[in-house]
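The structure appears right after this line, and notes come after that.
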Amino acid sequence: MVDDVTFRRLCRARDFLAASYPDRITLDRAAREACLSPFHFQRMFARAFGETPHDFLTRRRMDTAKELLAAGDLPVTEVCLAVGYHSMGTFSSRFAALVGQPPSEYRRTVRRWVAPVHGWRIYHVPSCFVSFWLSGALKPQD
């Protein structure tokens, strides 16, 4: 589908998008990172990764927003700004379209699942560590 050199360029651009998701990134800037024209970059990115650069960036922002909302430390407006949106309305409507519920309702739902009324700090444990621990290879100290 995509030759090796182009795939490496696309990966570099994808890493750039993932690292600078809170910033305003234009298609031209991401295409320059891959050393491709904007049209060719968008077409090749979608072919290689199964989603457009805009969809990738939106998904990355929403994943981070879900983590911040679950942690419960920031108000929804601050989460909106932290993930790169400048309009609360745009953030809320896009979040609701992708997640299935508005940000404030998502926070309430997550808190009901994992925390008491006043909330707990949520820590993310890598799945590789959990599977290693569950396999019995990592035993608790006596």
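Mind checking the full-extension length gain between A97 and R43? Use 0.36 nm per residue of separation minus the Cα-Cα distance, one decimal, nm. All intermediate terms of the calculation are to be shown ahead of the outcome.
Numbers: separation 54, 0.36 × 54 = 19.44 nm, distance 2.43 nm.
Between A97 and R43, full extension yields an extra 17.0 nm.
What shape does the stretch 1-78 take by its C-alpha gyration tensor, where a ≥ b ≥ c are the square roots of the eigenvalues and a/c under 1.5 counts as rounded, a/b above b/c as prolate, and the rest as oblate?
Details: a/c = 2.92, a/b = 2.32, b/c = 1.26.
Because a/c hits 1.5 or more and a/b exceeds b/c, the stretch 1-78 counts as prolate.
Go ahead and run the numbers for FRET between E78 and L27, Cβ-Cβ distance against an R0 of 22 Å, rounding to 0.05.
Working: r = 28 Å, r/R0 = 1.25.
E(calc), rounded to 0.05, equals 0.20.
Residue by residue, what Karplus-based ³J(HN,Hα) values in Hz, rounded to whole numbers, does the stretch 47-58 have, using 6.51, -1.76 and 1.60 with θ = phi - 60° and x for Gly and Pro?
5, 6, 10, x, 7, 6, x, 5, 5, 4, 5, 5
What is the sum of charges around E51, taking Lys and Arg as +1, Asp and Glu as -1, for the other residues whose C-beta is under 11 Å from the C-beta of E51?
Details: positive: R14, R47, R59, R60; negative: D55.
Summing Lys and Arg as +1 and Asp and Glu as -1 gives +3.
Please give, to one decimal in nm, the separation of the simple spin-label points placed at V5 and S20, each 7 Å out from Cα toward the Cβ.
Each label point lies 7 Å from its Cα, and together they span 2.4 nm.
Using a cut-off of 11 Å between beta-carbons, work out the net charge of the residues near A13 (Lys and Arg +1, Asp and Glu -1, A13 not included). Each step should come with its number before you reach the end.
Working: positive: R8, R9, R12, R14, R29, R32; negative: D15, E33.
So the environment of A13 carries a net charge of +4.
Throughout, read-outs are computed from the coordinates displayed, never taken from laboratory work. None of the values given here were measured: they were computed from a predicted structure. Positions of Cβ are backbone-derived with ideal geometry, glycine not excepted, and every protein chain shown enters the neighbour counts.
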